[in-house]
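What follows is a single structure, written as structure tokens, with notes after it.
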Amino acid sequence: MNEELTGPMLKKIVAAYNEGKPKEEQLNAKGASGVELPESLMKSFFHPLFEKIETKVAELLEDAEKLKSPVNFIFMVGGFSESPYLKANIKSRFERESRTILVPKRPQVSVIRGACMFGLNPRSITSRISKKTYGINTLTTYDAHKHTEEKKVVIEGEDFCEDVFDAFVHKGQAVGIDEVHVKTYCPVRAR
């Protein structure tokens, strides 16, 4: 059945949907092919997604708190930042006297503009926050006060501790674009 939706058919569908519903939950037909959805219905479409956004913002703020790095501003960018519902929820949940929520006039353009700026000049980003800790598994001189006996190994008569993680960069640490980490490692066995 391949039937086109006509104005009269749409009016019948809207009337059938509205039957028995309170006024604030009813659809409104707009012209021959438009429908205005009630606020509660529109919110129900986006609420699960907006809830995930709010949960992620809360997680990021907790991470910043753990790192003792206060967040004074939250910039809302991207297409969803135009939503009055999302803006109101983010502001009511996260705005404080010490924290301001900022939304540019055209938030969807901010992401594109940032990507273009980075594409034209990759050095426009001067540092990044490490999402993970990076390092290497090493052997080090055994210290009975720091290391467990289970990890102690004797190599050529000298006591070492195996399985010691030596971090180059820690999660949450800012790493500059030209930053270099140099460490020197030596073999423990003479060959």
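Annotations for the structure displayed:
- Compared with the dominant Cα axis of the chain, that is its longest principal axis, helix 84-94 is turned about 40°.
- Evaluating 6.51 cos²θ - 1.76 cosθ + 1.60 at θ = phi - 60° for every residue in the stretch 116-127, the Karplus couplings come out as 5, 4, 5, x, 6, 8, x, 7, 5, 9, 8, 7 Hz, glycine and proline recorded as x.
- If R0 equals 35 Å, the separation of the Cβ atoms of Met9 and Phe45 corresponds to a calculated FRET efficiency of about 0.90.
- Between 0 and 90°, nearest 10: helix 39-66 axis offset from the chain longest Cα axis: 20 degrees
- Remark on the stretch 127-191: hydrodynamic radius 13.9 angstrom, per the Kirkwood mean of 1/r across alpha carbon pairs.
- Choice from Glu24, Glu82, Glu158 showing the highest fluctuation, given a GNM over the chain with Cα pairs closer than 10 Å: Glu158
- Spatially close Lys pairs in the stretch 72-174, defined by Cα atoms under 18 Å apart and a spacing of eight or more places or different chains, total 4.
- Cα-projected label distance for Thr141 with Ala16, points at 7 Å along beta-carbon direction, nm: 8.4 nm
- Residues whose amide H falls under 5 Å from that of Thr133, counting only those 5 or more places apart or on a different chain, are Lys171, with hydrogens built in the peptide plane.
- Against the set (1) 165; (2) 108; (3) 322, the structure's computed volume of the Cα convex hull per residue in Å³ falls on (3).
No lab work stands behind these numbers, since they all come straight from the coordinates. Because the structure is a prediction, the values reported are computed rather than measured. Quick reminder, even Gly has a Cβ in these numbers, built from the backbone with ideal geometry, and neighbours come from all protein chains shown.
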